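Taking it in order: structure first as structure tokens, then the write-up.
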Amino acid sequence: MPGEAPQDYSITHNRDVVSIRQTIRVLAQQCRLSLVDQTKMITAASELARNTLVYGGGGVVRAGLVERDGRRGLAALFEDSGPGIEDVDLAMTDGWTSGGGLGLGLSGARRLVDEFDLTSEVGVGTTVTIIKWAR
């Protein structure tokens, strides 16, 4: 429910990526996202959880329902302490891939959500925050 504290979920194994998908599905339903928007949010979260595991060496997802200006939405923050992204502009380029994955890349995940924020520092890690608003 909006106003409740978001929950943290560890990403240390492949099974955690599956668990994150299930968690996002439940939260998306609670948020009353349309089926199409649920699918978009789940797909984006799955890609970002996988990136957190594979490229960031694991990390945490903080997910929960949010409310802003009378709107309700689902937010998820993916954070790792991995090597960081050397060239964020290149990583955000449509069609760019580091190989493997769903083939969406960061730019694909960005297109699936309403808000997307990425910060990364080489040697420190990467944080990506996504929000999908109910319509």
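The values are calculated or read from the model by the stated rules, or taken from the named source; none is laboratory data. These figures come from a predicted structure and were not determined experimentally. Cβ placement follows ideal geometry from the backbone for every residue including glycine, while neighbour counts extend to all protein chains displayed.
General remarks:
- Scope the stretch 1-53; condition free of Cβ contacts under 8 Å to residues at least 24 places away in the same chain, closer than 15 Å to residue 63 by Cβ, of a type in the set (A, V, I, L, M, F, W, C) and surrounded by fewer than 20 Cβ atoms within 10 Å (Cβ to Cβ); matching residues: 18, 26
- Annotation: residue 71 fulfils all but one of (1) among the charged types (D, E, K, R); (2) touching a residue at least 60 places away in the same chain (Cβ under 8 Å); (3) surrounded by 14 or more Cβ atoms within 10 Å (Cβ to Cβ); (4) farther than 22 Å from residue 12 by Cβ; the unmet one is (3).
- Verdict on residue 34 being farther than 25 Å from residue 122 by Cβ and small (Gly, Ala, Ser): yes
- Test result for residue 135, surrounded by fewer than 16 Cβ atoms within 10 Å (Cβ to Cβ), touching a strand residue (DSSP E or B) at 6+ places or on another chain (Cβ under 7 Å), over 23 Å from residue 15 (Cβ atoms) and in contact (Cβ under 8 Å) with a residue 24 or more places away in the chain: no
- For the stretch 20-43, the tally of residues that are at negative phi and part of a loop (DSSP other than H, G, I, E, B) stands at 3.
- Remark: pairs (first residue in the stretch 94-123, of a type in the set (Lys, Arg); second residue at pLDDT 90 or above and part of a strand (DSSP E or B); Cβ separation under 7 Å; 6+ apart in sequence or on different chains) = 110/116.
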